[in-house]
């Protein structure tokens, strides 16, 4: 008798397991969406005033730092543009116009610290190397800061 009951249970199991298959686009578990409504905001516990104040202060400083970064990026862009224009004006020997003299006047304080930085070579004007050194010195720190910002996990 036990053998017959085992065979019956195996047959019963085979019949039910054949109907249990599901296709890849069918749900395998029954799901009842929208049975529970979301908790209303008024039922949630409120944050303490200290925590809300700290969030507000953090948001304020985050906003201020973002604006300072934008202003520094604008200033750096203007300085680099002045140096590139000065380099192009000197390369094409444009120095007689008012605009060129204005560009040379505005970019002189940026170029002066790099005048004696590189040794002079007989075949290349030292002025070009000074401007290139100034451009590299202005570009290098923000690029390093951006690299550090992306490489360090905040």
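The values are calculated or read from the model by the stated rules, or taken from the named source; none is laboratory data. Owing to the predicted nature of the structure, the values given are computational and were not obtained by experimental measurement. Using ideal geometry, Cβ is built from the backbone for each residue, glycine included, and neighbour counts are taken over all protein chains shown.
Structure notes:
Conditions tested, residue by residue: (1) at pLDDT 80 or above; (2) surrounded by fewer than 10 Cβ atoms within 10 Å (Cβ to Cβ); (3) touching a strand residue (DSSP E or B) at 6+ places or on another chain (Cβ under 7 Å).
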residue: 3; (1), (2), (3): no, yes, no
residue: 21; (1), (2), (3): no, yes, no
residue: 25; (1), (2), (3): no, yes, no
residue: 42; (1), (2), (3): yes, yes, no
residue: 46; (1), (2), (3): yes, yes, no
residue: 73; (1), (2), (3): yes, no, no
residue: 77; (1), (2), (3): yes, no, no
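- Check on residue 73, out of contact with any helix residue (DSSP H, G or I) (no Cβ under 6 Å at 6 or more places or on another chain) and assigned to a helix (DSSP H, G or I): yes
- For the stretch 81-106, the set of residues classified as touching a helix residue (DSSP H, G or I) at 6+ places or on another chain (Cβ under 6 Å) and either surrounded by fewer than 10 Cβ atoms within 10 Å (Cβ to Cβ) or under 15 Å from residue 139 (Cβ atoms) (or both) consists of 82, 83, 87, listed by residue number.
- Some residue of the stretch 115-125 being at pLDDT below 75, under 38 Å from the mean Cα position of the chain (by Cα) and surrounded by 12 or more Cβ atoms within 10 Å (Cβ to Cβ): yes
- Qualifying residue in the stretch 92-101 (condition: part of a helix (DSSP H, G or I) and in contact (Cβ under 8 Å) with a residue 12 or more places away in the chain): no
- Out of 103, 94, sole residue that is farther than 28 Å from residue 149 by Cβ and modelled with pLDDT of 90 or more: 103
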